[in-house]
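Read through the structure below, which is laid out as structure tokens, and then see the notes.
We did not get these values from a lab; they are worked out from the coordinates using the rules stated. None of these values were measured; they are calculated from a predicted model. Don't worry about glycine lacking a Cβ; one is built from the backbone with ideal geometry, like all the others, and counts go over all protein chains shown.
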Amino acid sequence: MAAFASNDAALKALATAGADMNALDNQVYDVLTIATVANDPESVSLALHLGNRPDLITSVYDGTALIAGAHLGHHEVVRRLMAGGAPLDHMNNLGWTTLIEAVVLGDGRPDHVETVRALVRAGADRTIADRDEGDPASTRQGSGIRRERLDPARRLEGAAAGSLTVREHRGDGCRRCLYDR
């Protein structure tokens, strides 16, 4: 409850009393993942300081807090998790890495663009393929998400160079994508 309420004093008291800071709730989330999903950078930093493991496998998808943050476009949280030692290239049970999650599930808005930039600059492996379809920009039907085929190396190199822009590639309501013009 302390994590969901972002109650830093309660988290500190629990850690001091010897509570397992890496315990998982019924959704398979730990304190760090809860703070990540809430987009609470200060609580993420506190959780890391109190002993939460940034490499802990969480969620029903066997992901990490970093994958959750990248999926949601929480770029400041992503930076803090990476600085705390979160694994950049962990693959969840969907066959997706942090970078794949950020690209495929991102909506192309500035927060997702900045998240992809941060991951690429930190050295996320751009060559790891989605176990089902290949690169992060492959056409996908899974989970009801439609994807257009774009050149991922070009897009991600744009992220590394800081030149990613957002472009709607069709006007028929498809999701926005990251695209380097």
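Rank these for me by crowding, H75, H90, H49, going from fewest to most other beta carbons within 10 Å.
In order of increasing Cβ crowding within 10 Å: H49, H90, H75.
Dividing the convex hull volume of the Cα atoms of segment 8-138 by its residue count, what figure in Å³ per residue is obtained?
88
Extending each Cα 7 Å along its Cβ direction at D25 and A122, get the distance between those two points in nm, one decimal.
Placing both labels 7 Å beyond Cα along the Cβ direction yields 2.3 nm.
Can you figure out the FRET efficiency of A9 with D111, using R₀ = 22 Å and their beta-carbon distance, to the nearest 0.05?
0.15
Can you find, among L72, A10, A83, the residue farthest towards the positive end of the dipole of segment 8-138? Put +1 on the C-beta of Lys and Arg, -1 on that of Asp and Glu.
Farthest towards the positive pole: A83.
I need the GluC sites (Glu not before Pro) found in segment 17-123, filtered to DSSP loop residues with at most 13 other beta carbons within 10 Å of theirs.
Listed in order of number, the matching sites amount to none.
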